[in-house]
Structures are given as structure tokens and as C-alpha cells.
Amino acid sequence: MRDLIKSLKEAAALLEGETLSFFNERFRQLFGLKEPYPPAYELLAPFPEEAGRFEARRLIPLEPPLILAGLWLPLGEKRYLLILWEEEDTDEMTEEKLELMGRLAGEIAHELNNPLGGILLYSNLLKEDLPADSPLHEYVDKIIKLATRGRIIAKTLLSLAHPEEGPKEPLDLNLLLREMYDLVSEYRVLRQVEPVWELSPEPPIIWGVRSQIERVILNLLINAGEAMEGRGRLHLRTGRQGREVYFEIQDTGPGIPEALREKIFEPFFTTKKDGKGTGLGLSICHSIVNRHGGRIEVENVRPSGALFRIWLPARGDEDQRTSTDHR
């Protein structure tokens with residue numbers, strides 16, 4: 001973890017309670033730190049109290065005034081990771097920053113996996129030893145459920161850092177869209193949604209890793225259903241333009257506020273409330289599409305709704321590049 005913090009261009013620090021136990025040079029420069037180091041809560045206002053994204057004002061030094069964006073992540077009992085960057089730097093997440101954040105996510109996942117595994121192990125042992133009529137079963141089941149959810153989140157973090165690899169194969173986007181929609185059509189947020197199919201008569205074929213492209217489609221479908229709160233129309237389109245093919249998923253929800261459109265692909269950024277989102281789904285989509293040589297476009301549509309358009313190289317062009325590389 002310390003080596004990774006050193007490699008980050010962003011200001012980053014490890015905290016033990018309120019004490020700065022380790023930080024990189026950028027963090028030192030940002031606050032002009034000299035020994036003895038102040039407690040962490042004297043550096044920012046307001047100081048973060050919950051895991052996730054936040055914004056705060058720098059307190060040391062007060063001049064010049066500086067608003068910072070950051071991540072506050074618990075790593076264990078009274079152990080935290082703090083990452084900060086200047087707000088003006090968040091307008092566009094660069095590929096380099098996404099890669100670094102992915103590596104960081106992998107480190108955090110490893111930190112979480114061991115204690116979560118222990119919680120699950122001992123919770124199940126405790127459940128086996130409880131009398132069948134014990135009222136404690138309910139509490140133990142909740143512990144198991146929450147720890148399992150934690151492991152799912154950790155696995156998601158790992159997939160951001162170390163994406164699932166697999167063989168590339170020709171994939172028909174028309175078929176993939178239909179298969180993935182059928183898979184989740186009975187999901188709560190899509191059950192009462194009306195699909196509108198506008199698929200290309202000529203199959204749009206790409207060369208890709210099936211599981212990864214499926215994950216992109218599933219993430220976008222579920223996000224669209226959640227944006228519409230389970231009611232509305234879902235437009236699913238495919239097509240080709242030049243050497244690229246595309247698929248679109250358009251909902252009839254409230255759309256994406258203009259101020260947030262440049263941030264939605266950042267790791268840990270989420271607009272969902274009550275801890276329902278990890279802020280990783282769209283970041284993983286961005287990473288997968290980028291690795292396939294594609295790009296994602298996002299726009300709001302009238303009278304309401306958001307449209308995600310995924311561009312990918314057509315299979316023929318990928319084959320041509322591959323054959324050229326082997327000459």
C-alpha cells in the first residue's frame with residue numbers, strides 16, 4: 001500500500017485514527033507539513049466522516065484559498081486512506097489516473113478480503129453451534145449477509161484493478177443486447193419498463209471478450225432501470241458508422257446534471273443515496289471499453305432521459321490490424 005501511495009500523483013495519506021502515519025510527497029507539499037505533524041482533522045473543513053467522495057476546504061495553509069476533492073476510505077479498525085486533489089483537476093479523469101485508481105482499488109480489496117473472510121468463517125461456525133430455536137440466528141444471518149455484500153464489493157474493486165481476462169471472439173452486439181436484456185428483464189427495476197428495440201438489420205460484429213462486454217451492457221441496463229425508478233421506456237439501438245459499430249441504451253429518467261457528466265466515470269463517484277452504490281460500475285465500463293479500443297459517449301435527450309453510446313471497432317477492422325501486426 002505504501003509503495004502505491006508513493007506512486008500516486010494525487011496527495012495521499014494513511015491514517016491511524018487521527019494520526020498521519022504515512023503520506024506521499026504531494027500530500028506534504030499540499031499542506032506544507034513539518035514535524036510535529038498536526039492531527040488529520042486540522043487539515044480540512046469539513047473533515048470527512050463517511051466513506052466515499054467529498055469536497056473540503058484546505059485549512060493549512062489558509063492562503064491561498066483552496067477547495068479539494070477527495071476520497072475517504074476505511075481500511076480497518078481506525079485505519080483510513082485519504083486521497084486529495086485540486087477540484088479543477090476533476091473535470092476530466094485521464095487514463096493514467098484511472099489506471100492508478102484501479103491499482104489502488106485492488107490494494108484496498110486485498111485489505112478487505114482477509115477480515116471479511118474471517119467474519120464469514122466465524123459467523124457460519126457460530127450459526128452451526130446455535131440452538132435451532134435461538135433468536136440469535138436472525139442477527140448472525142444479517143452478519144453473514146452484510147459480510148457477503150462486502151466481499152462482492154471487494155471483488156468488484158479487484159475487477160477494476162485486475163480485469164477478468166479471456167479469449168477474444170467475434171461478438172454480435174444485436175444478440176448480446178437481447179441476451180443480456182432477457183437475463184435481467186424480470187429484475188425489479190426493469191420489470192415494468194417497456195423496451196423499444198431499434199437494432200441494425202446488418203449484425204454489428206466486434207472482436208472482444210464476451211464476459212467483459214456483457215458486464216458493460218448489464219451495468220448500463222440496470223443503471224437505466226434505476227434512473228427511471230422501474231417505470232418508463234428503454235431504447236436499445238445498434239448500428240455502424242465507418243469502421244466502428246455502436247450500441248445505445250437510452251432511458252426516460254431525469255437525465256444527468258451537466259455538472260456531473262464529466263465525473264460519472266471516476267472510481268467511487270456515485271449519485272445514489274443511502275449507500276446503495278459503490279461508484280464503480282461506470283468506471284469499470286469505461287475501463288473495459290477503453291481496453292477494447294472503443295469509447296463511451298453520454299448525452300441528455302429531450303424531453304427527459306440519458307443516452308449512453310458505446311463505440312467499438314468493427315470486427316473486420318480488428319482482424320485487419322491483427323493480421324498486419326503478425327506480418
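The values are calculated or read from the model by the stated rules, or taken from the named source; none is laboratory data. Nothing here was measured: the structure is a model prediction, and the numbers come from that model. Cβ: placed from backbone, ideal geometry, glycine included. Neighbour counts: every protein chain shown.
The residues of region 200-231 that are surrounded by fewer than 18 Cβ atoms within 10 Å (Cβ to Cβ), more than 17 Å from the chain's Cα centre (by Cα) and under 22 Å from Ser304 (Cα atoms), listed by number, are Glu229, Gly230, Arg231. Can you name every residue in region 82-106 that is closer than 13 Å to Leu8 by Cα and at pLDDT 70 or above? Once the filter is applied, which keeps residues that are closer than 13 Å to Leu8 by Cα and at pLDDT 70 or above, region 82-106 yields Leu82, Ile83, Leu84, Trp85. Candidates are the residues of region 295-307 that are part of a loop (DSSP other than H, G, I, E, B) and touching a residue at least 24 places away in the same chain (Cβ under 8 Å); the one that is nearest to Gln212 (Cα to Cα) is Gly305. Looking at Leu260, is it under 25 Å from Leu71 (Cβ atoms) and at pLDDT below 90? For Leu260, the condition - under 25 Å from Leu71 (Cβ atoms) and at pLDDT below 90 - is met. Candidates in region 67-86 are the residues that are without any contact (Cβ under 8 Å) to a residue 24 or more places away in the chain and aliphatic (A, V, I, L, M); of these, the one that is farthest from Glu16 (Cα to Cα) is Ile67. Here Tyr80 passes the criteria (1) in a loop (DSSP other than H, G, I, E, B); (2) buried (at least 19 other Cβ atoms within 10 Å of the Cβ) except the one numbered (1). Would you mind stating whether Leu136 is of a type outside the set (Ser, Thr, Tyr), exposed (fewer than 15 other Cβ atoms within 10 Å of the Cβ), touching a Leu at 6+ places or on another chain (Cβ under 6 Å) and at pLDDT 70 or above? Yes, satisfied.
Hey, can you tell me all the residues within region 159-193 that are modelled with pLDDT of 90 or more and among the aromatic types (Phe, Trp, Tyr)? Once the filter is applied, which keeps residues that are modelled with pLDDT of 90 or more and among the aromatic types (Phe, Trp, Tyr), region 159-193 yields only Tyr181. Counting only residues that are at pLDDT 90 or above and out of contact with any helix residue (DSSP H, G or I) (no Cβ under 9 Å at 6 or more places or on another chain), region 299-313 holds 4 of them.
If you go through region 35-43 one residue at a time, do you hit one that is among the hydrophobic types (A, V, I, L, M, F, W, C), in the same structural domain as Leu71 (by TED's automatic domain parsing), modelled with pLDDT of 95 or more and out of contact with any Lys or Arg (no Cβ under 8 Å at 6 or more places or on another chain)? Among the residues of region 35-43, not one is among the hydrophobic types (A, V, I, L, M, F, W, C), in the same structural domain as Leu71 (by TED's automatic domain parsing), modelled with pLDDT of 95 or more and out of contact with any Lys or Arg (no Cβ under 8 Å at 6 or more places or on another chain), which makes the answer no.
Restricting attention to region 227-243 and to residues that are among the basic types (Lys, Arg) and part of a strand (DSSP E or B), the residue that is nearest to Ile217 (Cα to Cα) turns out to be Arg237.
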